[in-house]
1. Which residue out of Leu73, Leu14, Leu49, Leu6 is of a type in the set (A, V, I, L, M), in a helix (DSSP H, G or I) and at pLDDT below 90?
2. Within region 17-38, can you find the residues that are part of a helix (DSSP H, G or I) and either hydrophobic (A, V, I, L, M, F, W, C) or open to solvent by less than 70 Å² (accessible area, probe 1.4 Å) (or both)?
Amino acid sequence: MVANALLLALTFLLGIAFYLMGELKFLVPYRAFLFHEYTGALSIFFGTLFVNFFAGAFVLIRKFFLKDTGRKLSHIDKQFHIHHADLPVQSDEDEKN
């Protein structure tokens, strides 16, 4: 679940980065100056954006893909806690046939 949220967050972040690279071509001559002056601010911004995308993806994946998990697991748990219904054991005679 965490891996899927991470993949989704990285996909969105890379998509936004590629879109911005296409739209901000006019800033290419100032690239060295902008990176030198605003590296910290850009890192904090994109780090925060990534954490927000990751949290949103994690919540959505948990909400939609784990909807009935508790009910399904409680059904299996009830089956295992029945003491008089043991699993059948194969005998040696069944294995020979």
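1. Testing whether each residue is of a type in the set (A, V, I, L, M), in a helix (DSSP H, G or I) and at pLDDT below 90 leaves just Leu73.
2. Residues satisfying the conditions are Ala17, Phe18, Leu20, Met21, Gly22, Phe26, Leu27, Val28, Ala32, Phe33, Leu34, Phe35.
The values are calculated or read from the model by the stated rules, or taken from the named source; none is laboratory data. Treat the numbers as computed from the prediction; the structure is a model and nothing was measured. We work out accessible area using only protein heavy atoms, side chains counted, and drop any ligands, DNA or RNA first. Shrake-Rupley method; radii C 1.70, N 1.55, O 1.52, S 1.80 Å.
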